[in-house]
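To keep things clear, I will list the structure first and then write my remarks on it.
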Amino acid sequence: MKNIILCIVLITSVLLVEAQKQANYWYFGQFAGLSFSLGPPAPLTNGALNTGEGCSSISTSAGALEFYTDGRYVYDRNHAQMPNGSGLFGHSSSTQSGIIVPKPGSSTEYYIFTVDAADNNLEKGLCYSKVDMTLNGGSGDVVTTEKNISLVPLACEKVTAVGHSDGQTFWVITKKWGNADFYAYRITYDGVVTTPVISTTGPPLVGNIGQASKGYLKVSPDGSTIASANNTDYSVGIYNFDNSTGVITHLVTDDSYTNPGGNDPGGPYGVEFSSNSARLYIGEWKANRRIQQYDLSSGDPTTILNSRVVVVSVGQNANPIGALQLGPDNRLYIARYQSPYISRINQPNVLGTGCGFVENATGLGGRECRYGLPPFIQSFFYLTVDFYWDEPACNGYITQFYASASDTPDSLKWTFPDGSNSTVMNPSYLFTGGPGLYGVGLVVYLYGQSKTIQRFIRIQPTPEVFIGNDSTICASETFLLNAGEHSSYLWQDGSTLQTFVSGTTGWYWCRIANQFGCTAIDSLYLTVNPNPETSAGPDTSIPEGTTTLLPGAVTGGSGNYT
């Protein structure tokens, strides 16, 4: 039955499936960014955005950056503020300050949906502004007549988007503060339909507006489930969503999260689904600093609650956990407050700790995370395939490839530059043709549908290093090893300088890296001989004009006398 339903959905979901490249560029935190345009995420240091939490980016369907925002300011593809791109009603302290939604049927028009912050008593609520990319000489601008259009006063710091069941239009969803209402707005070829579908369902969200309204709201990629993290309410709400009608119905609420006390409270904050929509991840910020996983596959409330398991616990001294966000490679990325790295879960479809958490998975080029990561229309991650490689691809070295699909493929086939093929999920390949661009292809069959991914991989030059030949010295001497000029060094004792001074017998090695991250290693064996003990005899006095024999001696070795 599952396959039959998916086949029906596939007929109407072409637009959404092919839109994965619209999540290619991310800008967030303190001038931080990531690009997925060439495969593995690479740091971007050209961004103009500096915000504590909410942000959003959008690229074209071909993967070229269009613009990005923190819900207050809008920056074009050249990282300049759009002329009318200020004064939007988001907030730097709003969990999901903004999300960008393309206008169906248009390649030049977008809507930015913003939500205010609890710091401002949620005063502005949910609003939208229109961006027209034909304005400002093709760099885009906010349309003055459609700016900060109010939709829901007192909306929580939560807004998410997903595709309609027709595969072409979209839903934008928010949670009202102070009651149990959800608002779903449809975005069609005519624009934003301002009459919402209102669903009153589940426990009302009340209490301390300053914190309980915080936390992410997300829809599963298949559009069937909604999850809401309610920060200092210490609860997570899980709901069914009908993406044909916009109706939301309460499934289960987990109110068993606890406050460990202290001066830095905070419960559930980050929310994300696995790409197969069967797992739900909740990040606890500040206090507990953990990531919880739920198994949603049963659809049964009790079974779902009982499936909850801690898959990540970083400890109280580690950088706090912020937003959770699927990437175009179907891996789950994790913001870490004030960290120069971003963490990752490599296989979010896998149950339990086997999902593969990686601390400090990707560097940010000297920039820093804050609490937010850019959310996208969740349908961008529905029935998608990709492949990636994490280490630098270097000439003469084996490169490990990984297939990444939103669900387990029916079958797949890799094609490599020498014409060879592989049908395993994660093959390796040895590049020996020298530095340059090489094409690698992957065909994946997912629920009977063929998807082809072709990427060009730049193979970088492999450096050479020579620290010397095996040598022998005396104990009274020192031996200087010099690895030459390279980008980085690692000696056998962990030191990282270009040179190393040795004086004991043993193996010495140095692994160097060039500017591309390609490495080489060289080693030598040093023999240190003990120094002999020598004597020319005792001090002696003789009469002038006479001779005597000096009894020179060597112990601990033999050699020449002078």
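The values are calculated or read from the model by the stated rules, or taken from the named source; none is laboratory data. A quick note: this is a predicted structure, and the numbers were derived from the prediction, not measured. Because the Cβ atoms are built from the backbone with ideal geometry, glycine has one as well, and the counts that use them run over all protein chains shown. Side chains included, ligands, DNA and RNA excluded: accessible areas come from the protein's heavy atoms. Shrake-Rupley method; radii C 1.70, N 1.55, O 1.52, S 1.80 Å.
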Evaluate E = 1/(1 + (r/R0)^6) for GLN316 and SER37, where r is the Cβ-Cβ distance and R0 equals 41 Å; express this FRET efficiency to the nearest 0.05.
0.65
Taking the highest mean first, how do the peptides 308-319, 402-413, 338-349 order by number of other beta carbon atoms within 10 angstrom per residue?
338-349, 402-413, 308-319
Give the range of the longest stretch in the chain that excludes all GluC sites (Glu not before Pro) found in loop regions by DSSP and having at most 15 other beta-carbon atoms within 10 Å.
124-463
Expected vector for the stretch 238-248, Karplus 3J(HN,Hα) from phi with 6.51, -1.76, 1.60 and θ = phi - 60°, integer Hz, x for Gly and Pro, equals 10, 9, 8, 10, 9, 7, 9, 10, x, 7, 10
Taking the Cα centre of the stretch 443-562 as origin, sum charge times position over the Cβ atoms of Lys and Arg (+1) and Asp and Glu (-1), and report the length of that vector in debye to the nearest 20.
1120 debye
Multiplying the sequence separation of SER488 and ASN179 by 0.36 nm and subtracting their Cα-Cα distance, what value in nm do you get?
105.5 nm
hull vol. (C-alpha, convex hull) per residue for the stretch 197-285, Å³ -> 89 Å³
Using label points projected 7 Å from each Cα along Cα→Cβ, tell me how many nm separate ASN136 and ASP119, to one decimal.
2.3 nm
Efficiency by 1/(1 + (r/R0)^6): what FRET value for TYR445 and VAL350, r their Cβ-Cβ distance, R0 = 22 Å, to the nearest 0.05?
0.60
Could you estimate the translational diffusion coefficient of the stretch 224-339 from the Stokes-Einstein equation, with Rh from the Kirkwood formula over C-alpha pairs, at 4 °C and 1.567 mPa s, in whole µm²/s?
89 µm²/s
Lys and Arg at +1, Asp and Glu at -1: add these up for the other residues within a Cβ distance under 12 Å of SER450 and post the number.
+1
Compare the Cα positions of GLN492, GLY517, LEU430 along the charge dipole of the stretch 430-562 (+1 at Cβ of Lys, Arg; -1 at Cβ of Asp, Glu; about the Cα centre) and return the one farthest towards the positive end.
LEU430
For the stretch 103-110, 3J(HN,Hα) per residue [Karplus equation, 6.51 cos²θ - 1.76 cosθ + 1.60, θ = phi - 60°, Hz, x = Gly/Pro]
6, x, x, 10, 9, 10, 10, 9
Quote the FRET efficiency, to the nearest 0.05, computed for SER523 versus VAL554 with a Förster distance R0 of 30 Å and r equal to the Cβ-Cβ distance.
0.30
Report the percentage of all Cα-Cα pairs in the chain whose separation exceeds 38 Å, rounded to a whole percent.
38 percent
Pairs of Cα atoms farther than 25 Å apart, the stretch 103-261, %
32 percent
Fully extended, how many nm does the chain gain between SER61 and THR144 (0.36 nm per residue separation, minus their Cα-Cα distance)?
27.3 nm
Can you compute 3J(HN,Hα) from phi for each residue in the stretch 392-405, using the Karplus curve 6.51 cos²θ - 1.76 cosθ + 1.60 with θ = phi - 60°, rounded to whole Hz and x for Gly and Pro?
x, 8, 10, 5, x, 10, 7, 9, 8, 9, 9, 7, 9, 10
Farthest towards the positive end of the dipole of the stretch 364-507, among SER406, CYS394, THR472 and with Cβ unit charges of +1 on Lys and Arg and -1 on Asp and Glu, lies the Cα of SER406
Set of lysines with alpha-carbon distance to LYS124 below 17 Å, sequence-local pairs under 8 removed
LYS147, LYS158, LYS175, LYS176, LYS214
Using modelled amide H (1.01 Å from N, peptide plane; none on Pro or chain starts), what sits under 5 Å from the amide H of GLN338, excluding residues fewer than 5 places away?
CYS369, ARG370
State, to one decimal in nm, how far the label point of ASN46 lies from the label point of ASP255, with both points 7 Å from Cα in the Cβ direction.
5.0 nm
List every residue whose amide H lies under 5 Å from the amide H of LEU65, counting only residues 5 or more places away in sequence or on a different chain, with H placed 1.01 Å from N in the peptide plane.
THR60
Under a 1.4 Å probe, counting only protein heavy atoms, ASP254 has an accessible area in Å², nearest 10, of 10 Å²
If we sort 113-119, 422-428 on the protection proxy, mean other Cβ atoms within 10 Å, highest first, what's the order?
113-119, 422-428
With axes computed from alpha carbons, what is the tilt in degrees of helix 2-12 against the longest principal axis of the chain, rounded to the nearest 10 within 0 to 90?
80 degrees
Give me the accessible area per residue for the chain, probe 1.4 Å, as a whole number in Å².
41 Å²
Please list, ordered by chain and number, the residues whose modelled amide H lies under 5 Å from the amide H of PHE387; skip anything fewer than 5 residues away on the same chain.
SER404
Which one of ILE238, TYR257, LEU549 has its Cα pushed farthest toward the positive end of the charge dipole of the chain, where Lys and Arg give +1 and Asp and Glu give -1 at the Cβ?
ILE238
No solvent, one uniform scatterer per C-alpha: report log10 I(q)/I(0) for the stretch 354-398 via the Debye equation at q = 0.22, 0.30 1/Å, two decimals.
-1.21, -1.12
SASA check, LEU490, accessible area w/ 1.4 Å probe, all protein chains in place, rounded to nearest 10 Å², comes out at 70 Å²
Is there a quick way to get the dipole size of the chain? I mean about its Cα centre, with the Cβ of Lys and Arg at +1 and of Asp and Glu at -1; what is the value in debye to the nearest 20?
1320 debye
Fully extended, how many nm does the chain gain between VAL193 and ASP242 (0.36 nm per residue separation, minus their Cα-Cα distance)?
15.9 nm
Rg/Rg_ref, the stretch 277-366, where Rg_ref = 2.2 N^0.38 Å and atoms are Cα
1.09
